[in-house]
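So the structure is just underneath, and the comments pick up after that.
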Amino acid sequence: MKLTTTNRQQVEEVPWGMYVWECADGEVLGDDDGNVMNVFVWDKKDRPAGRAAIREAAKYWGHPEGEPVWWSGVRPIDDEQLAYQTQRAAEGLVPDPLDIGAINDEMKALKVNEQR
């Protein structure tokens, strides 16, 4: 017996995210250092411009075959932000202070523990 799910929708907890370029072979376009080519979008209304920008960038770099892929809630960070998030993780905190899903889960766990 096979179970199927219908009318499923992805729930986005935050309006920001970034577009990356997925090449025809399924690989995400990036450099040799592991940096992914991306266009960060802060607001849903800016997504069409983000899609167009990543498409133009991929075309410029010689990868016109492929498609933009939306990574919801993901944002690029620099080395300083990475060090900060690593420190927060070592202290037992949610590494990214903008990770709404993890913060909500943490709040639910605190409420459950308070009720005990």
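What the table below lists for this structure:
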{"read-out": "Volume in Å³ per residue [convex hull over Cα atoms, computed for the range 17-72]", "value": "70"}
{"read-out": "FRET efficiency for LYS45 and GLU106, using Cβ-Cβ distance with R0 set to 30 Å, rounded to 0.05", "value": "0.50"}
{"read-out": "Using θ = phi - 60° and Karplus 6.51 cos²θ - 1.76 cosθ + 1.60, couplings along the range 19-31 (whole Hz; Gly, Pro as x)", "value": "8, 10, 9, 9, 5, 4, 7, x, 7, 8, 6, x, 9"}
{"read-out": "ARG75/THR5 FRET efficiency (R0 25 Å; Cβ-Cβ; nearest 0.05)", "value": "0.25"}
{"read-out": "Amide H contacts of GLY73 (H built 1.01 Å from N, under 5 Å, at least 5 apart or other chain)", "value": "TRP16, GLY17, MET18"}
{"read-out": "THR4, THR86 arranged by Cβ crowding within 10 Å, fewest neighbours leading", "value": "THR4, THR86"}
{"read-out": "P(r) weight above 16 Å for the chain, C-alpha pairs, percent", "value": "71"}
{"read-out": "Chymotrypsin sites (Phe, Trp or Tyr not before Pro) restricted to the range 20-106 and DSSP loop, no more than 14 other C-beta within 10 Å", "value": "TRP42, TRP61"}
{"read-out": "In the range 1-101, the GluC sites (Glu not before Pro) that fall in loop regions by DSSP, at most 15 other Cβ within 10 Å", "value": "GLU12, GLU13, GLU27, GLU65, GLU91"}
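We did not get these values from a lab; they are worked out from the coordinates using the rules stated. As the structure is a prediction and not an experimental result, all values here were calculated from the model. Every residue, glycine among them, receives a Cβ derived from its backbone with ideal geometry; neighbour counts consider all protein chains shown.
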